[in-house]
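A quick write-up on the structure given underneath.
The values are calculated or read from the model by the stated rules, or taken from the named source; none is laboratory data. Note that the coordinates shown come from a computational prediction; the quantities given were computed from them, not determined experimentally. Every residue, glycine as well, gets a Cβ built from its backbone with ideal geometry; the counts of neighbours run over all protein chains shown. With ligands, DNA and RNA removed, areas are computed over all heavy atoms of the protein, side chains included. Shrake-Rupley method; radii C 1.70, N 1.55, O 1.52, S 1.80 Å.
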Amino acid sequence: MSLINYSSKEINCKIVYYGPGLGGKTTNIKYVYSKVNPESRGKLMSLDTELDRTLFFDFLPVNLGKVRGFTLHFHLYTVPGQVYYNASRKLILKGTDGLIFVADSQIERFEDNIESLENLKENLAEYGVKLGDIPLTMQYNKRDLPNIVSIEELEEVLNPRRVFFSEGVAIQGIGVFEPLKEVSKKALRRLK
Amino acid sequence: MTVSKGNHFEEEFRKIKENLEELCRDIKALAVLLIDKAGQLITTAGNTSFLDIPSFATLSAADFAATSNLADLIGEYDFTTLFHQGKEKSIYVSLISDQVILAVIFTKETTLGLVRIKVRKVSKKLEGFFDKIFADIEGEYVGMIDDDFIGEAESELDSLFE
Ligand SMILES: Nc1nc2c(ncn2[C@@H]2O[C@H](COP(=O)(O)OP(=O)(O)O)[C@@H](O)[C@H]2O)c(=O)[nH]1
Ligand SMILES: [Mg+2]
């Protein structure tokens, strides 16, 4: 938790989309961008490589407006999935208040999900944080495709703590807001 | 999560802001920004109207983190300053109290040497303020946010993401 008190009354909440490369993280954040009232959102910033796989991250600031004099900002980030970008994944995790793990439901990506989750745990451990310490929700994405792993099996392997999950079709905006809302609320409740 | 309360650190905060404004004037910088290592803006001095601040803050933090990884690779602990030179504008970035990033945006009217000297001086001062703030901060905001507050924030969230 990166905690700094300023003289202006502000609460900043950092939410990170994690998961294997090409699982649909950027698609999630783009959908959020397209649906949120323009007055509430900042610019969607993407640092892409030429291959259109996110090199550093996507970043979207969303302003929740004022609650009792406090201005609430949500900052949404995605991490790059590729193995060799671990340095940038680690840095994006710094000070994270909530995580959404976007899993790719396709059978052939099953191992990649597990690997990415392990990588998440390792990177958090370097900050002295356990996965269970941070608000987390899951999205099992690409449910529209035919060759997918069952929800039961995904839950069994990826979600032993049984945190909130959604069945996502991020390209159609299905199951996108639910895990975001849920994790944001969890993060807010931890303010108490 | 960064939470800003208001009263308790107002004095420190005011002094920090004063120091930044003085620095900005002294070296005729366009703008000076304080950013935490997670990429959240703390405060600014000078004219930032030309700047996309959230993006600038995020990228500065990412820049610093990427550079610490570079430092790692050559067996350095950390680079404490970064300098990006442009044709018209340049950016000088340094680290305070190991936690806070100070970014100075200046034009070719100001020399790097001057920026360096003045930033070092003001960093020393700011370090004192931040060390005090960090020492006091633990548990500071406990109790300030209650169930009602969370409830109101949640309904804002519901109406935003629907
Ligand atoms: N069929 C299908 N494709 C998706 C879905 N979500 C994302 N994709 C596609 O998967 C690819 C990778 O998505 P992207 O968001 O860039 O993945 P990221 O690497 O996790 O950011 C893109 O071609 C998307 O259009 C989905 O729900 N169903
Ligand atoms: Mg991406």
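Quick notes on this structure:
- Between the Cα long axis of helix B:112-137 and the first principal axis of chain B there is an angle of about 20°, rounded to the nearest 10.
- Of B:Lys108/B:Lys132; B:Lys28/B:Lys121; B:Lys17/B:Lys132; A:Lys66/B:Lys15, those spanning more than 24 Å from alpha-carbon to alpha-carbon: B:Lys108/B:Lys132; A:Lys66/B:Lys15
- Unit charges at the beta carbon, dipole of region A:14-171: most positive-side option, A:Ile114, A:Ser40, A:Val163: A:Ser40
- When only Cα pairs below 8 angstrom with a gap of at least 6 residues are kept, region A:3-191 shows a relative contact order of 24 percent.
- The heavy atoms of A:Lys90 present about 50 square angstrom of accessible area, all protein chains included, probe 1.4 Å.
- Partner chain coverage, peptide A:11-19 - average Cβ within 10 angstrom: 3
- Overall, the anisotropy analysis places the protein assembly as shown in the prolate class: the square-rooted eigenvalues a ≥ b ≥ c of its C-alpha gyration tensor yield a/c not less than 1.5, with a/b exceeding b/c.
- Choice from A:Ala125, A:Ala170, A:Ala103 showing the highest fluctuation, given a GNM over chain A with Cα pairs closer than 10 Å: A:Ala125
- Across region A:87-96, computed HN-Hα scalar couplings (Karplus, 6.51 cos²θ - 1.76 cosθ + 1.60, θ = phi - 60°) run 4, 6, 4, 5, 6, 5, 5, 4, x, 6 Hz from first to last residue, x flagging Gly and Pro.
- B:Glu18 - accessible surface, heavy atoms, 1.4 Å probe, Å² rounded to 10: 90
- Average other protein chain Cβ within 10 Å of Cβ, residues B:60-66: 4
- Rounded if a/c under 1.5, otherwise prolate or oblate - region B:5-160, Cα gyration tensor axes: prolate
- Theoretical ellipticity at 222 nm over the protein assembly as shown - DSSP helices of four or more residues, -39500 (n - 2.57) apiece, nearest 500: -12500 deg cm²/dmol
- Using a probe of 1.4 Å, the accessible surface attributed to B:Glu10 totals some 90 Å² when neighbouring protein chains are kept in position.
- Pairing chain A with chain B buries about 4800 Å² of accessible area. This figure sums both sides and uses a 1.4 Å probe.
- Ligands, DNA and RNA left out, the accessible area of region B:23-162 computed with a 1.4 Å probe is 51% carbon and sulfur.
- When each of the peptides B:39-50, A:68-79 is scored by the mean number of other C-beta atoms lying within 10 Å of its residues, the order from highest to lowest reads A:68-79, B:39-50.
- Spatially close lysines, pair count over region A:83-192: Cα under 17 Å, gap of eight or more or interchain: 6
- In order along region B:19-25, phi translates into HN-Hα couplings of 4, 5, 5, 5, 4, 4, 5 Hz, rounded to whole numbers, per the Karplus curve 6.51 cos²θ - 1.76 cosθ + 1.60 with θ = phi - 60° and x for Gly and Pro.
- Dipole moment magnitude, nearest 20 debye, region B:5-160 about Cα centre, only Lys, Arg, Asp, Glu C-beta charged: 1480
- Residue by residue along A:61-69, Cβ atoms of other protein chains within 10 Å of the local Cβ number 5 on average.
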